[in-house]
Structure formats: C-alpha cells, structure tokens
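Everything on this sheet refers to the single structure shown next.
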Amino acid sequence: MKMISCHACPLQDCGPFLPHTDDEKDFLEKFKAGEMAVSPGTQILMEGAKTPQLFTVLEGMGLREKTLEDGRRQVINFVLPGDFIGLQAGIMGEMNHSVEAVTPMRCCVFRRDDLWTLYRNRPELAFDLTWIAAAEEYFLGETVATLGQRDGTERIAWALVKLFVRLRGLGLETVPGTVPLPYRQQDLADALGLSLVHTNKTLSRLRAQRLLEWSEGKLTVPDLEELAKVAATEIEALPQRPFL
C-alpha cells in the first residue's frame, strides 16, 4: 500500500475540515509514523489495552463501543473519515472502549510517544487536539440528552439526521438524498438504548411515512427537514473543524 502524502491528503479539500498550511503539512509528513489498512470486523483499538499508536481515519467507517460487565454492548458513537481515535489511551494510558472497523478502513498512524513533541513544538496543532477532544465531549453531551429526553422515534430520527448531515458534508452523497450507511440496525439500537425489535418497527414506520429508506448499506432521506422535525432537532451547518 502506497502511503498518501499529507500534501495530497483527501481530507485537505473536504468541506468539514480546516486545511493545513504547507508548513503544517511538512511537519505532519514527518510526524506521521505510517498508514494502516484494516478489514471489516478488525478491532483497531481494544478496551483496556495500552496502545502505542493513535490514528486519523482517512477512509472507511467504524464503531466505538464499550462492553459492560455482563457482556452487553454499548455503542458510543460512529467513526467516520477525519475522526481521530486513540487519544484517550494517549493521555490516560489505556482505552476504556474499543474501536472496530465496519468497512475496510485506511488510517494514518501516529506514535503515542510523539504526542508530547506536538505539544512542545507545534502548539497550534496541539490546540487542534484540544478542540477535537472538546467536540467529542459536546457530542456525547448531546447524545446523553437524546437518550434521556427523546422517545424512541425521536432518537432514531435524530441519529439518522446527524449521520446524514455528516456523511453528506464528507462528500459521500452518492446521488441527491442518498449516503452510504453500512451499519446494522443492531448497531443503531445499541447506540440509542433501544431493542432491535423497537428499532426495526420504528424504521418501518418512518419508511411507510416516506421519511427515509435504509437498505443495502445506503440511507436515503427524501426530505431532511421533515425528518429533523420528527427528531425534534434543527439541521445545523457543519462547522469546519481541525484534523491531524
């Protein structure tokens, strides 16, 4: 696998991300330890492990998930291109959740021990890491509010609105109103604290109302504003955000 130069990184020209300066690209070219390709079902990071590596997702999608003591699974969120994974282990020493590839994925690899070089020598990029961590905390807060205050139909509509907007922003809208969504209904149910049966029935009802169609790894939303109304949310423009 030929490594992609930071100067030719596909994320540089992707709408949701703040492009790096040429100087930052030069630095990241040396800071990056390499790239890694993984197959679907591969655990990129394991809960409880002390990993020496951190990753930026270049291509593909995955899941962050946590296993409870009795074996039940909680999906924390969905991993998409541009996401930075492993920061928790980089700061705290070990992961308290796992990251699994759902599709073939390609990731930039960084050495955990080099993280402090970033903070010492490139404070502007180190601040980007702080921004990324704060954005994750904000999203988790929004998710907790959804789990606590939205009913099952609103939760599912909310999650699919958020995923659709993010995937469209990444330039993955294959045809108008359609984005790839390779996850299973069980993944969505586990993320939202719902049973698979309830999730399936709700999706069927939303499909009957012609608000969405999710099949064969694709999500089609004919009218995003109407789906957002069901979700009791607003369609927010994606802010440009940093990435490594």
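Here are a few things to note about the model shown:
- Straight-distance candidates among the lysines for linking to K25, with alpha-carbon spacing under 20 Å and chain neighbours fewer than 8 residues away dropped: K2.
- Surface accessible to a 1.4 Å probe, F127 within the full protein complex, Å²: 130 Å²
- Among C9, T178, N200 the positive-end extreme of the charge dipole of the chain (Cβ point charges): N200
- Unsatisfied cross-links (Cα-Cα over 28 Å) in the set K30/K162; K201/K229; K30/K50; K162/K201; K32/K162: K30/K162; K32/K162
- Accessible surface for R64 stands near 20 Å², nearest 10, in the context of the full protein assembly shown (1.4 Å probe).
- As a length-normalised measure over Cα pairs under 8 Å and 6 or more apart, the relative contact order of segment 102-244 settles at 29 percent.
- If you take the Cα centroid of segment 220-239 and the Cα centroid of segment 105-129, the two points sit 34 Å apart.
- Averaged per residue, the chain has 50 square angstrom of accessible surface, using a 1.4 angstrom probe with ligands and nucleic acids left out.
- Using alpha carbons only: equivalent-ellipsoid semi-axes of segment 125-206, gyration tensor based, whole Å: 25, 19, 10
- Computed [θ] at 222 nm, deg cm²/dmol, the chain (DSSP H ≥ 4; -39,500 (n - 2.57); rounded to nearest 500): -12000 deg cm²/dmol
- Accessible surface of segment 94-240 [probe 1.4 Å, protein heavy atoms]: carbon and sulfur percent: 53 percent
- Placing +1 on the Cβ of every Lys and Arg and -1 on the Cβ of every Asp and Glu, with no other charges, gives segment 107-244 a dipole of roughly 260 debye about its Cα centre.
- Probe 1.4 Å, all protein chains present, accessible-area order of S39, S204, largest first: S39, S204
- Residue range of the chain that is longest and free of GluC sites (Glu not before Pro) which are both DSSP loop and sparsely packed (at most 11 other C-beta within 10 Å): 70-215
- A viscosity of 0.692 mPa s and a temperature of 37 °C, combined with the Kirkwood radius over Cα pairs in Stokes-Einstein, give a translational diffusion coefficient for the chain of 174 µm²/s.
- For the set R166, R122, R72, solvent exposure ranked by accessible area (probe 1.4 Å, protein chains only) runs largest to smallest as R72, R166, R122.
- Taking all protein chains together and rolling a 1.4 Å probe, I156 ends up with roughly 0 Å² accessible.
The values are calculated or read from the model by the stated rules, or taken from the named source; none is laboratory data. Just so it is clear, the model here is predicted, and its values are computed rather than measured. Heads up, the Cβs are rebuilt from the backbone with ideal geometry, glycines too, and the neighbour counts pull from every protein chain shown. SASA here: full protein model, heavy atoms, side chains in, ligands and nucleic acids out. Shrake-Rupley method; radii C 1.70, N 1.55, O 1.52, S 1.80 Å.
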